[in-house]
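The values are calculated or read from the model by the stated rules, or taken from the named source; none is laboratory data. Computed from a predicted model, the values in this text were never measured in an experiment. Don't worry about glycine lacking a Cβ; one is built from the backbone with ideal geometry, like all the others, and counts go over all protein chains shown. We work out accessible area using only protein heavy atoms, side chains counted, and drop any ligands, DNA or RNA first. Shrake-Rupley method; radii C 1.70, N 1.55, O 1.52, S 1.80 Å.
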2 protein chains.
Amino acid sequence: MKPRITLKKIAKEFGVSISTVSKALKDSHEISEETRGKIKAFADYYNYKPNSLALQLRNQKTSVIGVIIPEIVHHFFSTVINGIEQYANEKGYNVMVCLSNESYEKEVSNFSVLTNGSVDGLIVSIARETQENEGYKHFDAIISDDFPLVLFDRIIDELKCDKVIIDDIGGAFKATNHLIEIGAKRIALITTQDFITVGSLRKQGYLKALKTRGITIDENLIYKIDDTKDLYKQIEKVIQVKNPPDAILAVNEIYAAIALKIAKEKGLSIPKDIAIIGFTSGLISEFTDPALTSVEQHGDLMGKQAAELLINRIENTAPSEYQKVVISSNLKIRKSTLSEN
Amino acid sequence: MKPRITLKKIAKEFGVSISTVSKALKDSHEISEETRGKIKAFADYYNYKPNSLALQLRNQKTSVIGVIIPEIVHHFFSTVINGIEQYANEKGYNVMVCLSNESYEKEVSNFSVLTNGSVDGLIVSIARETQENEGYKHFDAIISDDFPLVLFDRIIDELKCDKVIIDDIGGAFKATNHLIEIGAKRIALITTQDFITVGSLRKQGYLKALKTRGITIDENLIYKIDDTKDLYKQIEKVIQVKNPPDAILAVNEIYAAIALKIAKEKGLSIPKDIAIIGFTSGLISEFTDPALTSVEQHGDLMGKQAAELLINRIENTAPSEYQKVVISSNLKIRKSTLSEN
């Protein structure tokens, strides 16, 4: 598929103004025949269609914010959407949410639906497949059109737009440090595959804490989970080994809850035999027994911050440089790491 | 606010065709001066605006389905959205989700954003406040415009559209019956306030099971929770009484998980001292200890069914009578009701 072409891009290509391109495409005699010829040939090649309805729409303010998230069953994303809603509503904006289902193609399709006049700007957390394939043309297209865009949580550093992230390194550092302080010596990390940025950042925090405290890194204690396969079987391998770890840091709540369940089934006492911490404090952590210590992610705050950055961009009240806001995370200590003595 | 007026409504008001109204508003001499006069006066009074852009948009197929849900942090709604997505994607439709946050005003605002050319049809679960206030004008408006609409889960029987519901009465009946079979004599019901239809339907199923099995109904065992207040304090009152119940049926997973937690804190053994069942099998039920027996709601199936009804309506392949599809629910028995002996 050829990239979508805009008046702006054609103008850039030939080093002329947008108005010159527009006139050339309308065959205006104000423009030299030569320039008209090459601009029209270029526009033809890229299937440029001066769709006046689409243009009208695109320029019309909708007071709607589009949000694209990888999936909806993660409580974290629900809290972010709540935060976006809250701030957006205060400012008189509505919110529309689309799911990429972790698919590149679906993400691209959401982009075309939402940026075609339905919304004034986009807040996006990038799909797993997009991160894996590193295909960011759909982002480049709207960025070069100056379409307001904010990335959150799963971001791409190179993209020129505002970003909001959780302090993933700091959160994992705090969690690992807490495990060391309660006496853990062999801390397993249950993380995602490397191309998921948040997983790899949390791994950095984990490694940093071990180094800082002078604990030798054991690569055998790092488990990379494939989300598309059976989680129980993969996490069982962390615990059912000759020399099991005395603590686990899991990069999400589900991994942590499954680890806790398996550890109990194997007759281990928590936190005595094995202490467990999960990232994100969702619905589950509070209801496991013992309740799970969590790195709290403040999804609502992240959502509010993303909405604020986007609305400032939409309303032209943002500074010209793009901003990267880091939301700090804190440890919510519950009984899965709280020794009773 | 006056109701939004359409050509169709004006035509109906005067018993003329839409084309007559359209011509009258354009001051066509094909129409008698008298008729023109009264139609124009009526249209003026209702602020009729022949917005050609909006009309073009409204008539343009978008291949997008709009979904309005009361809140996003309920796992049940996430599964419904997944089901809608799956079916819609297969049929070449995108999905946009808006939240009403249980607010009437927000729901109305979502209606106006989504039905203004962004989507081909709507799938809606009604906001608590709308159910409480019984203000359905926004529904009436799109129904009289023949705008494709499907209601799910929280529905209004009187509205003329397709509907998908869970067999709430049947689910509660099965759950209560199961509790009686494992020996429960005093079964408490933790439900919502009466205006939430699903809560009152589940109460009907509970009462029906008690009657069928010849158990006297004790109104003191029925607790109506106010979701806007502290849940723990309200649910504590179910258990911390002189003569506590020997079983609990809760109309959602959170109420059930909180009841289980409080019962354990009070030193009760589950299911020996008190058996517990929750409605909906979300993320929590599997991870409590003991795991919670649940009435499974098949949100994904509900979503698929809703999307199918809507797309048939959009593509004019639906029967002329509106359909009401009932998804049956089944009991997923886990350890919170499973006696070990």
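Summary of computed values
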{"read-out": "Of residues in the range A:53-90 being small (Gly, Ala, Ser) and modelled with pLDDT under 90, the one nearest to the chain's Cα centre (by Cα)", "value": "A:Ser78"}
{"read-out": "Whichever residue in the range A:63-78 is facing another protein chain (nearest Cβ under 8 Å) and β-branched (Val, Ile, Thr) and, among such residues, is most open to solvent (accessible area, probe 1.4 Å)", "value": "A:Val73"}
{"read-out": "Scan of the range A:142-169 for residues that are of a type outside the set (Asp, Glu), surrounded by 18 or more Cβ atoms within 10 Å (Cβ to Cβ) and touching a Ser or Thr at 6+ places or on another chain (Cβ under 8 Å), ordered by number", "value": "A:Ile142, A:Phe147, A:Leu151, A:Phe152, A:Arg154, A:Ile155, A:Ile166"}
{"read-out": "Whichever residue in the range B:24-52 is modelled with pLDDT under 80 and in a helix (DSSP H, G or I) and, among such residues, is nearest to B:Asp145 (Cα to Cα)", "value": "B:Ser52"}
{"read-out": "Considering residues of the range A:284-296 that are in a loop (DSSP other than H, G, I, E, B) and acidic (Asp, Glu) only, the residue farthest from A:Ser200 (Cα to Cα)", "value": "A:Asp289"}
{"read-out": "All positions within the range A:293-325 that are loosely packed, with under 15 Cβ neighbours inside 10 Å and of a type in the set (Val, Ile, Thr)", "value": "A:Thr317"}
{"read-out": "Selection within the range A:108-141 - part of a helix (DSSP H, G or I), open to solvent by less than 10 Å² (accessible area, probe 1.4 Å) and among the β-branched types (Val, Ile, Thr)", "value": "A:Thr130"}
{"read-out": "Matching residues, the range B:255-283, being in a helix (DSSP H, G or I) and not β-branched (Val, Ile, Thr)", "value": "B:Tyr255, B:Ala256, B:Ala257, B:Ala259, B:Leu260, B:Lys261, B:Ala263, B:Lys264, B:Glu265"}
{"read-out": "Of residues in the range A:170-199 being assigned to a loop (DSSP other than H, G, I, E, B) and aliphatic (A, V, I, L, M), the one most open to solvent (accessible area, probe 1.4 Å)", "value": "A:Ile182"}
{"read-out": "Neighbours by Cβ (under 6 Å, 6+ apart or cross-chain): first from the range A:79-96, over 15 Å from A:Arg313 (Cα atoms) and within 9 Å of another protein chain (Cβ to nearest Cβ); second not in a helix (DSSP H, G or I) and not hydrophobic (A, V, I, L, M, F, W, C)", "value": "A:Met96/A:Gly66"}
{"read-out": "Answer from B:Ile314, B:Ile254, B:Ile258 - the residue that is within 14 Å of chain A (Cβ to nearest Cβ), on the phi < 0 side of the Ramachandran plot and either at pLDDT 95 or above or in contact with a strand residue (DSSP E or B) (Cβ under 7 Å, 6 or more places away or on another chain) (or both)", "value": "B:Ile258"}
{"read-out": "Residues that are among the aromatic types (Phe, Trp, Tyr) and within 12 Å of another protein chain (Cβ to nearest Cβ), drawn from the range A:266-295", "value": "A:Phe287"}
{"read-out": "Scan of the range A:200-233 for residues that are small (Gly, Ala, Ser), out of contact with any Asp or Glu (no Cβ under 6 Å at 6 or more places or on another chain) and surrounded by fewer than 18 Cβ atoms within 10 Å (Cβ to Cβ), ordered by number", "value": "A:Gly214"}
